[in-house]
Amino acid sequence: MDAELDRAEFQALRDTIRERGTRRVTLFWATTAFWATLLTAAIGLVAFAPTIGPRAGAFLTLVSLLPLAAGFEAVFALHVGVERIGRYLQVFYEGREPLPAWERTAMAIGPTGPKGLTDPLFSAMFAAGRVGGWTAHVLEQLANNRLIRPSSEYVGPRGLKYVPIEQR
């Protein structure tokens, strides 16, 4: 009876993680789309309504950031909840014989989703963070017709032998 109850709780927690993970990605894209719509409306209102002053336009643009911040807070709350459930599963179920050692396996593989693809939210957030750098590269190329690359020199140990994972 106790093993059946453990299995049922384990499965319920795993289902919660799956549902919240799906909700997290959906909420991210819905928040981003809503923000883009509001920002476009604010910019259009400022551009095509002559009675709106520059301060009101700046205010509208800043107000459009509120749903974005709220959406990201909700995504973060879902992420923290999923992480807490995962830690609970790791502490109470890792190593029990009838239950799989999923947490250790997931940590060894990395942030992957279905069919071995990376987490879509991770890729989107990475790209969003890199847009500034990519823009700077484009502007630099347009201004000088030359990219500045820092030179680097490897100073770590050399001649090390590869040790297979099974022997580490």
Some residue of segment 43-58 being loosely packed, with under 14 Cβ neighbours inside 10 Å, within 24 Å of F126 (Cα to Cα) and among the hydrophobic types (A, V, I, L, M, F, W, C)
no
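Results for (1) over 24 Å from the mean Cα position of the chain (by Cα); (2) modelled with pLDDT of 80 or more; (3) basic (K, R), shown as yes or no for each residue.
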| position | (1), (2), (3) |
| --- | --- |
| L65 | no, yes, no |
| G71 | no, yes, no |
| G81 | no, yes, no |
| Y93 | yes, no, no |
| R96 | yes, no, yes |
| S152 | yes, no, no |
| G159 | yes, yes, no |
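Which residues, taken from segment 124-168, are in a helix (DSSP H, G or I) and of a type outside the set (A, V, I, L, M, F, W, C)?
Within segment 124-168, G129, R130, G132, G133, T135, H137, E140, Q141, N144, E166, Q167 meet the criteria.
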Quick one: would you say F34 is within 16 Å of the chain's Cα centre (by Cα) and modelled with pLDDT of 85 or more?
no
Residues in segment 6-50 that are basic (K, R) and farther than 16 Å from E73 by Cβ: how many?
3
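Test of understanding: among A12, A8, A30, A36, which residue is closer than 30 Å to G57 by Cα and without any contact (Cβ under 8 Å) to a residue 24 or more places away in the chain? Walk me through how you get there before you give the answer.
Values: A12 fails: closer than 30 Å to G57 by Cα; A8 fails: closer than 30 Å to G57 by Cα; A30 fails: without any contact (Cβ under 8 Å) to a residue 24 or more places away in the chain.
Residue meeting the stated conditions: A36.
The values are calculated or read from the model by the stated rules, or taken from the named source; none is laboratory data. If you're wondering where the values come from, they're calculated on a predicted model, not measured in any experiment. For neighbour counting, all protein chains shown are included, and Cβ atoms are generated from backbone atoms with ideal geometry for every residue, glycine included.
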